[in-house]
Amino acid sequence: MYDQAIIESIKELLIAKHQTIAVAESVTAGHMQAALASAENASKFFQGGITAYNLGQKARHLHVEPVHAESCNSVSDQVASQMAINITKMFTSDWGIGITGYAAPVPECSVDEPFAYYAIAFKDNLLRVERITTRQDDPTSVQTFFVNVVLTNFNSLARRAVDQSSFSRSDLSSMDSRFASAGPLSTSPSIE
């Protein structure tokens with residue numbers, strides 16, 4: 001179900017660097033937390049997470065800006081970014097992942113196929129924000145696919161990041177040119 005080799009790689013990297021991760025999820029409905037918690041000694045690197053399915057809970061717990069979130073049914077790069085940044089604060093973790101999207105088509109919202117936005121933050125810095133899609137039609141398969149893609153991309157990004165000797169703000173900003181606005185909490189540039 002989950003890519004255990006990637007999870008083991010993440011575990012080894014974060015434990016070796018004395019870093020931790022927390023996740024804020026919506027579309028994946030706890031699967032990201034279950035995947036990371038499946039690692040042996042997960043408590044040494046995984047701080048925990050929150051599944052916030054509706055706008056009210058995203059705004060209350062993850063400080064997602066509600067006016068924007070309401071305008072997009074809580075599915076956007078900005079919402080994922082705010083989730084990623086704020087989960088690091090909530091769980092006092094080094095790394096944060098935020099993911100929001102659709103696990104099935106929603107015709108009334110003009111969503112023809114499942115997609116999600118995810119964001120990866122290190123402390124208060126967004127390092128990656130991307131949109132992912134799939135043509136799978138079973139919601140659980142979609143959720144698992146999203147988890148495996150995001151964890152694979154996180155593993156690659158985190159390995160690149162720790163290869164650098166220090167994490168200055170300019171180093172973090174230059175690691176990945178894809179950023180999205182996280183509203184008033186971010187100092188990162190917006191995607192136009």
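The values are calculated or read from the model by the stated rules, or taken from the named source; none is laboratory data. Computed from a predicted structure; not experimentally measured. Counting neighbours? That spans all protein chains shown, and the Cβs are built from the backbone with ideal geometry, glycine included.
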Single residue of segment 35-56 satisfying the filter (part of a helix (DSSP H, G or I) and touching a strand residue (DSSP E or B) at 6+ places or on another chain (Cβ under 8 Å)) that is surrounded by the most Cβ atoms within 10 Å (Cβ to Cβ): L36
Residues located in segment 150-168, provided they are more than 18 Å from L126 (Cβ to Cβ) and at pLDDT 95 or above: T152
Residues satisfying the stated conditions in segment 1-34, i.e. out of contact with any strand residue (DSSP E or B) (no Cβ under 9 Å at 6 or more places or on another chain) and assigned to a helix (DSSP H, G or I): Q4, A5, I6, I7, E8, S9, E12, L13, I15, A16, A34
Criterion violated by L14 - all others in (1) in contact (Cβ under 8 Å) with a residue 40 or more places away in the chain; (2) under 21 Å from G101 (Cα atoms) satisfied: (2)
Helices (runs of 4 or more DSSP H) completely within segment 66-162 that count 1 or more residues being exposed (fewer than 15 other Cβ atoms within 10 Å of the Cβ): 66-71, 139-162
Answer from K44, K58, K11 - the residue that is under 15 Å from the mean Cα position of the chain (by Cα) and of a type in the set (K, R): K58
